[in-house]
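The values are calculated or read from the model by the stated rules, or taken from the named source; none is laboratory data. As the structure is a computational prediction, the values presented were derived from the model and not from experiment. Here the Cβ positions follow ideal geometry from the backbone for every residue, glycine too, while neighbour counts run over all protein chains shown.
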Amino acid sequence: MINKKNLFIILPILLLLFFYGGFYIGNNLDYLVSNRVDPEFKKLKQVHKELTQNYLNKDDIIFKKAEYGAIKGLVGSIDDPYTYFMEPSETKDFLDSINGIFEGIGAEVGLNQDKQIIVIAPLEGTPAQKAGLLPQDIILAIDKISTTGITLEKGVSLIKGKKGTIVNLTIKREDKKEPIIIPVTRGLITIPVLKLNIVDNSIAHIKLFNFNENASEEFNKAVQQILSLGIDKIILDLRYNPGGILQEAVEIGSWFIEEGKTIASEQYADGTLKTYNSLGSGQLANNDLVVLINKGSASASEILAGALFDHNKAPLVGETTFGKGTVQILKNFSDNSTLRVTVSKWLLPKGTSINKEGIKPTVLIKMDKIPENDKQDLQLQKAIEILEKR
């Protein structure tokens, strides 16, 4: 059961993955300019009239391009990095990314509060991860083209490209005094869902990479394997997981949280709440559990981690999460362009908003780079240590 009206992601594009969402149908620019209280919106139609009637070279005007530019200007004025307009080609890239296979570098990107393009999470096993990109890396330039003042969509279009080609990213990293240049060879990206590893025949390490429409199904398969082995200690690894479909997070959380208990609430502009409760029997509710989080954990990952913590199911080990706590929907237009718009925010079971703040770990373990193996993974080793003492 998938709730595709709830959209969780930062920005799904050709070089990264998802967010999955419902598509609301629309037809034309009137969606943006009609029924508004502000009479200034009338100027948009007045300018259109002047151009069509009086501009000297009016035959040279590409009105579809002008329409898109006007819409992007309007949407951009809202100053919300999660609300944006996508032209048909951008929409196609988005839909391709939902299918889980695409060409690019395999990193999810977004905008920080200073409107800089940042890496949210490099995806598991992708060129971005292999090249050494890290969450919170600020992309200053793409092939020597400065990203200052450009839109996220433009940055994405510069980064994406055919497999086998190289894109050079100039990166500002928190622990580096000077920018560094990281070349990334683009590739065919297949997004994994889950990886299960059994540690010392006694601890199940479940690494959940995203919450796509197959996530709960794959998680259920992993749980059945864990149960068949009689293992009762679990590490749920949500690091570098940028989110996905809410319903998938609810179904996975239902293994650990008793039926009927709140996993998350959605608060709309008028203050109304929609509550999402556990659907299952909480079959794993009494298992020893540790959750791993970091700066690349966003959206659905934060909701699940926060719900497990609020219900006293697990300590959180790692670093503060990204802080993506708003909900977007997609509205489709007849020409296959789309508008992505923020409509609500998420609240944890105790009523806490994670937006911009993220979730702080109960056990802080910082890591400046992706470890080469599990032994070098200090966060994972801490989780193992906690479970071994129980």
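In region 268-318, what count of residues is obtained for those that are over 30 Å from Val341 (Cβ atoms), of a type outside the set (A, V, I, L, M, F, W, C) and part of a loop (DSSP other than H, G, I, E, B)?
Here the count works out to 10.
Here is a list: Ile198, Ile166, Ile203, Ile182. Which entry is closer than 28 Å to Lys356 by Cα and either in contact with a Gly (Cβ under 6 Å, 6 or more places away or on another chain) or among the hydrophobic types (A, V, I, L, M, F, W, C) (or both)?
Ile182
Mind listing just one residue for me: the one in region 255-300 that is among the hydroxyl-bearing types (Ser, Thr, Tyr) and touching a helix residue (DSSP H, G or I) at 6+ places or on another chain (Cβ under 8 Å) and, of those, surrounded by the fewest Cβ atoms within 10 Å (Cβ to Cβ)? Talk me through it step by step, then tell me what you get.
To start, the set of residues in region 255-300 that are among the hydroxyl-bearing types (Ser, Thr, Tyr) comprises 262, 265, 268, 272, 275-276, 278, 281, 297, 299.
Filter once more, keeping what is touching a helix residue (DSSP H, G or I) at 6+ places or on another chain (Cβ under 8 Å): 262, 276, 278, 297.
Numbers: Thr262: 18, Tyr276: 21, Ser278: 22, Ser297: 33.
Result: Thr262.
Suppose we keep only residues that are of a type in the set (D, E, K, R) and in a loop (DSSP other than H, G, I, E, B) within region 328-367. Which one would you say is nearest to Ala66 (Cα to Cα)? First the steps, then the outcome.
Filtering region 328-367 down to residues of a type in the set (D, E, K, R) leaves 331, 335, 340, 345, 350, 356-357, 360, 366.
Still in the running and in a loop (DSSP other than H, G, I, E, B): 335, 350, 356-357, 360, 366.
Details: Asp335: 15, Lys350: 47, Lys356: 34, Glu357: 38, Lys360: 45, Lys366: 48 Å.
Filtering region 328-367 for residues that are of a type in the set (D, E, K, R) and in a loop (DSSP other than H, G, I, E, B), the one nearest to Ala66 (Cα to Cα) comes out as Asp335.
Give region 356-366 a look and list any residue that's on the phi < 0 side of the Ramachandran plot and surrounded by 17 or more Cβ atoms within 10 Å (Cβ to Cβ), or say none. Working first, answer last.
Initially, region 356-366 is screened for residues on the phi < 0 side of the Ramachandran plot, giving 357, 359-366.
Those that are on the phi < 0 side of the Ramachandran plot and surrounded by 17 or more Cβ atoms within 10 Å (Cβ to Cβ): Ile359, Pro361, Ile365.
Kindly check whether there is at least one residue in region 223-231 that is closer than 16 Å to Leu304 by Cβ, touching a strand residue (DSSP E or B) at 6+ places or on another chain (Cβ under 8 Å), touching a residue at least 40 places away in the same chain (Cβ under 8 Å) and not assigned by TED's automatic domain parsing to the domain that holds Lys144.
First, pick out the residues of region 223-231 that are closer than 16 Å to Leu304 by Cβ: 223.
Applying the additional criterion that residues be touching a strand residue (DSSP E or B) at 6+ places or on another chain (Cβ under 8 Å) yields none.
Taking every residue of region 223-231 in turn, none turns out to be closer than 16 Å to Leu304 by Cβ, touching a strand residue (DSSP E or B) at 6+ places or on another chain (Cβ under 8 Å), touching a residue at least 40 places away in the same chain (Cβ under 8 Å) and not assigned by TED's automatic domain parsing to the domain that holds Lys144.
Which of the following residues is surrounded by 20 or more Cβ atoms within 10 Å (Cβ to Cβ) and more than 17 Å from Leu308 (Cβ to Cβ): Pro242, Pro179?
Numbers: Pro179 fails: surrounded by 20 or more Cβ atoms within 10 Å (Cβ to Cβ).
Answer to the check: Pro242.
With the structure loaded, tell me whether Ser334 is surrounded by fewer than 18 Cβ atoms within 10 Å (Cβ to Cβ) and touching a residue at least 60 places away in the same chain (Cβ under 8 Å) or whether it fails that test.
Values: surrounded by fewer than 18 Cβ atoms within 10 Å (Cβ to Cβ): yes; touching a residue at least 60 places away in the same chain (Cβ under 8 Å): yes.
It is true that Ser334 is surrounded by fewer than 18 Cβ atoms within 10 Å (Cβ to Cβ) and touching a residue at least 60 places away in the same chain (Cβ under 8 Å).
I need a count of the residues in region 46-61 that are outside any loop (DSSP other than H, G, I, E, B) and either surrounded by 14 or more Cβ atoms within 10 Å (Cβ to Cβ) or not hydroxyl-bearing (Ser, Thr, Tyr) (or both). Give the steps one after another, and end with the answer.
Residues of region 46-61 outside any loop (DSSP other than H, G, I, E, B): 46-54, 58-60.
Now restrict to residues that are either surrounded by 14 or more Cβ atoms within 10 Å (Cβ to Cβ) or not hydroxyl-bearing (Ser, Thr, Tyr) (or both): 46-51, 53-54, 58-60.
Adding up the residues that qualify gives 11.
Could you list, in sequence order, all residues of region 359-376 that are more than 19 Å from Lys313 (Cβ to Cβ), within 25 Å of the chain's Cα centre (by Cα) and either at pLDDT 95 or above or basic (Lys, Arg) (or both)?
Leu364, Ile365, Lys366, Lys369
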